[in-house]
Amino acid sequence: MAERDTMPPGDDHRRPEGIDDATVEAVGKLGEALETIERARGRLYDFHQLMGHADLQLDEAAEAFEAAGLAEDAERIRKEIVGRNVIAGRWTFQIVEDFDDGYYADFRRVEHDLRQQRTQGVRHLLEAEMKERRRTHGRPGHESRPARGE
């Protein structure tokens with residue numbers, strides 16, 4: 001882990017006084033897990049939108065069956081599939097809401113609270129220190145942060 005003074009003065013990602021490498025790593029791993037949850041949440045929203053779109057496409061499929069003279073098949077699609085719950089008692093918007101209000105909200109709260117307690121709220125501290133170790137100081141494109149006004 002980089003020493004505390006490797007970040008340029010004034011940077012929002014400077015390690016606060018008294019925080020050890022193990023704590024920075026632990027908070028970094030928690031943040032990484034949150035990023036994975038964010039990706040999973042995006043896929044849940046993808047699922048929600050795809051299922052909604054598919055349900056609307058079923059209307060077109062039923063119409064095509066009717067146009068083909070297969071009215072009984074069209075009616076079966078409408079009665080058995082169109083508008084049905086994706087899981088017991090729920091459409092996908094309800095799944096998304098339950099996830100957002102439950103697991104996701106709790107995860108974000110715990111991550112925020114522990115980051116506040118352990119690193120004084122500094123986000124991406126592990127990555128910021130990795131950047132300092134990996135960048136070539138003084139080279140264009142390797143600056144520690146954007147120039148003022150960027």
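Read-outs: derived from the displayed coordinates by stated rules, not from any lab. Model, not experiment: these values are computed from the prediction. In this analysis, Cβ positions are derived from the backbone assuming ideal geometry, glycine residues included, and neighbour counts consider all displayed protein chains.
Using R₀ = 22 Å, calculate the FRET efficiency as 1/(1 + (r/R₀)^6) where r is the Cβ-Cβ separation of ALA22 and ARG109; round to 0.05. With a Förster radius of 22 Å, E is 0.40. Compared with the rule-of-thumb size 2.2 N^0.38 Å for a compact globular protein, region 41-91 has a Cα radius of gyration ratio of 1.31. Of the peptides 18-30, 49-61, the ranking by mean beta-carbon count within 10 Å, highest at the top, reads 18-30, 49-61.
Label-to-label distance for ASP100 and VAL86 is 1.3 nm, based on points extended 7 Å past Cα in the beta-carbon direction.
Can you give the log10 of the normalised intensity I(q)/I(0) at q = 0.19, 0.28 Å⁻¹, computed with Debye over equal Cα scatterers of region 95-150? Each listed q maps to, in turn, -0.79, -1.04. Volume per residue of the convex hull around the Cα atoms, evaluated for region 21-125, comes out as 94 Å³.
With contacts defined as alpha carbon pairs under 8 Å and 6 or more residues apart, what's the relative contact order of the chain in percent?
41
Helix 71-80 sits at what angle to the longest principal axis of the chain, using alpha carbons and giving 0 to 90 degrees rounded to 10? Once rounded, the angle reads 40 degrees.
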